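A short worksheet on the structure shown next.
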There are 2 protein chains.
Amino acid sequence: MRYTPSVTHYVESSGLPADVYSAKCPTREVLDHIAGKWTVLIVDALAERTLRYTELRRRIEGISQKMLTQTLRQLEADGFVTRTAYPTVPPQVEYTLTPLGHSLRSPIAALREWVEAHINDIERARQSR
Amino acid sequence: MRYTPSVTHYVESSGLPADVYSAKCPTREVLDHIAGKWTVLIVDALAERTLRYTELRRRIEGISQKMLTQTLRQLEADGFVTRTAYPTVPPQVEYTLTPLGHSLRSPIAALREWVEAHINDIERARQSR
DNA sequence: CTGAATCCCTGAGGATACTG
DNA sequence: CAGTATCCTCAGGGATTCAG
């Protein structure tokens, strides 16, 4: 049962309303992808400009090769990121946001900025317990 | 090393700049909390109004008791949600967003709305591979 | 109704080594 | 440089049961 959405979108493949609260709606899976720690950081990093594999690795402190590659592949599959490989020696691979990926910039950046802006409120809330 | 943030906030407990890209910055952990599938759905559900435990469970299709309780506890600890128990029989427990939690509404809702608005673009991107 | 407690299992994710 | 391949660990998270 759907609540009172401000705007109702429809999933073309099923004809049903797009609803993240519905377990089977494909939006739920996408939300899981986007609401992943690494996804947020990668998309936000690429928001500024195209980056190479190693640049991403250095920028996102603490990410492992495995998770970086894996998350990039998923972002590619979802159509958020384009991978461009130049057949040079040594190889050079660039990652860029697609137009779809760019449209994600704003909500993702808002999330990052909110966290950075409210970290002190949160730490205070934690201590008063 | 920090890039070019639009605004720099500081973590009072350390005096260092708030930076989700830094592995040890406390903002990273908070981002992990917020960027969880259940967190997004719970905060978004509570954005509209106070809800009882069972109401939340019904609203968020597919969530288990364990994850609902666990995520609510974390939201409480982070200061996003208030838990109010009425000593009635049967018990009644209400969950409400705190002012801090309310400030999260906008970025969270933006994320949900983005997903619902772009699900068709994403499904198309997936098929063309 | 609102949980807490327990069991269990899959998969997220790190570490390391190897390759074109 | 940009990965792939393995191994391994641990925690996320489901299912079930019990309780105030």
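Descriptive notes on the structure:
- In the range B:55-63, the condition of being more than 8 Å from DNA strand C (Cβ to nearest atom), under 24 Å from A:Asp44 (Cα atoms), without any contact (Cβ under 8 Å) to a residue 60 or more places away in the chain and not acidic (Asp, Glu) is met by no residue.
To keep it simple, each residue is scored yes or no on (1) surrounded by 15 or more Cβ atoms within 10 Å (Cβ to Cβ); (2) more than 12 Å from DNA strand D (Cβ to nearest atom); (3) of a type in the set (Asp, Glu); (4) more than 12 Å from chain B (Cβ to nearest Cβ).
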site: A:Leu51; (1), (2), (3), (4): yes, no, no, no
site: A:Leu56; (1), (2), (3), (4): yes, no, no, no
site: A:Phe80; (1), (2), (3), (4): yes, yes, no, no
site: A:Thr88; (1), (2), (3), (4): no, no, no, yes
site: A:Tyr95; (1), (2), (3), (4): yes, no, no, yes
site: A:Thr98; (1), (2), (3), (4): yes, yes, no, no
site: A:His102; (1), (2), (3), (4): no, yes, no, no
site: A:Pro107; (1), (2), (3), (4): yes, yes, no, no
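- A:Thr39 more than 19 Å from A:Val115 (Cβ to Cβ) and within 15 Å of DNA strand D (Cβ to nearest atom): no
Bear in mind these aren't lab numbers, they're just calculated from the coordinates by the rules spelled out. Model, not experiment: these values are computed from the prediction. Note: ideal-geometry Cβ built from the backbone for every residue, glycine included; neighbour counts use all protein chains shown.
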